[in-house]
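Asks: Encoded as structure tokens, here's the structure I'll be asking about.
The values are calculated or read from the model by the stated rules, or taken from the named source; none is laboratory data. Quantities reported herein were computed from a predicted structural model and do not represent experimental measurements. Cβ: placed from backbone, ideal geometry, glycine included. Neighbour counts: every protein chain shown.
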Amino acid sequence: MDVKDQANGLAEYMASQLRVKGDTLADVTAKAGRRLPKHLRREAEKISAAETLTQHPRLERLVDEKALLRSERKLRKFLDRQDPKAVRRGEVLDFLAKIGFVVFVIAVVLFYLLTTSGYLD
């Protein structure tokens with residue numbers, strides 16, 4: 001398998017699992033931010049570096065195929081465990097909890113104002 005195809009396939013899979021946009025593996029890795037652990041970010045950078053090395057005929061010999069496969073396996077194992085639907089569900093629930101809290105605070109303040117002004121005896 002070509003290193004460029006490997007990097008592009010991994011970038012597409014990472015973009016779909018971590019819900020980020022990007023064309024290359026380096027872009028997707030940078031945009032993933034804290035969603036991607038530091039040790040896995042280094043593995044993705046190794047694959048990106050190997051992709052740039054393979055563009056030069058003499059430097060292509062420096063690429064270690066076994067290390068690249070190991071890095072890809074680690075990244076895919078992590079990405080397989082990610083659940084984009086659960087992350088989205090959590091974001092929606094957090095938003096609803098914030099709205100509920102604001103409504104609760106407004107109701108408590110309104111109740112306090114009504115009792116202190118004498119409308120609720």
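Here's the yes/no breakdown for (1) within 33 Å of the chain's Cα centre (by Cα); (2) modelled with pLDDT of 95 or more; (3) surrounded by 11 or more Cβ atoms within 10 Å (Cβ to Cβ):
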{"position": "Leu59", "(1), (2), (3)": "yes, no, yes"}
{"position": "Leu69", "(1), (2), (3)": "yes, no, yes"}
{"position": "Arg76", "(1), (2), (3)": "yes, yes, yes"}
{"position": "Val87", "(1), (2), (3)": "yes, no, yes"}
{"position": "Gly100", "(1), (2), (3)": "yes, yes, no"}
{"position": "Val109", "(1), (2), (3)": "no, yes, no"}
{"position": "Asp121", "(1), (2), (3)": "no, no, no"}
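Asks: Considering region 14-29 alone, what residues qualify as being part of a helix (DSSP H, G or I) and surrounded by 16 or more Cβ atoms within 10 Å (Cβ to Cβ)?
Replies: Selection gives Met14, Ala15, Gln17, Leu18, Leu25, Ala26, Val28, Thr29.
Asks: Please determine whether any residue of region 48-60 is part of a helix (DSSP H, G or I), out of contact with any Leu (no Cβ under 8 Å at 6 or more places or on another chain) and of a type in the set (A, V, I, L, M, F, W, C).
Replies: Yes, some residue in region 48-60 is part of a helix (DSSP H, G or I), out of contact with any Leu (no Cβ under 8 Å at 6 or more places or on another chain) and of a type in the set (A, V, I, L, M, F, W, C).
Asks: Please name all residue pairs, on different chains or six or more residues apart, with Cβ atoms under 7 Å, provided the first residue is in region 92-110 and is assigned by TED's automatic domain parsing to the domain that holds Leu120 and the second residue is outside any helix (DSSP H, G or I) and at pLDDT below 95.
Replies: Taking only residues 6 or more apart or on different chains, not a single pair turns up.
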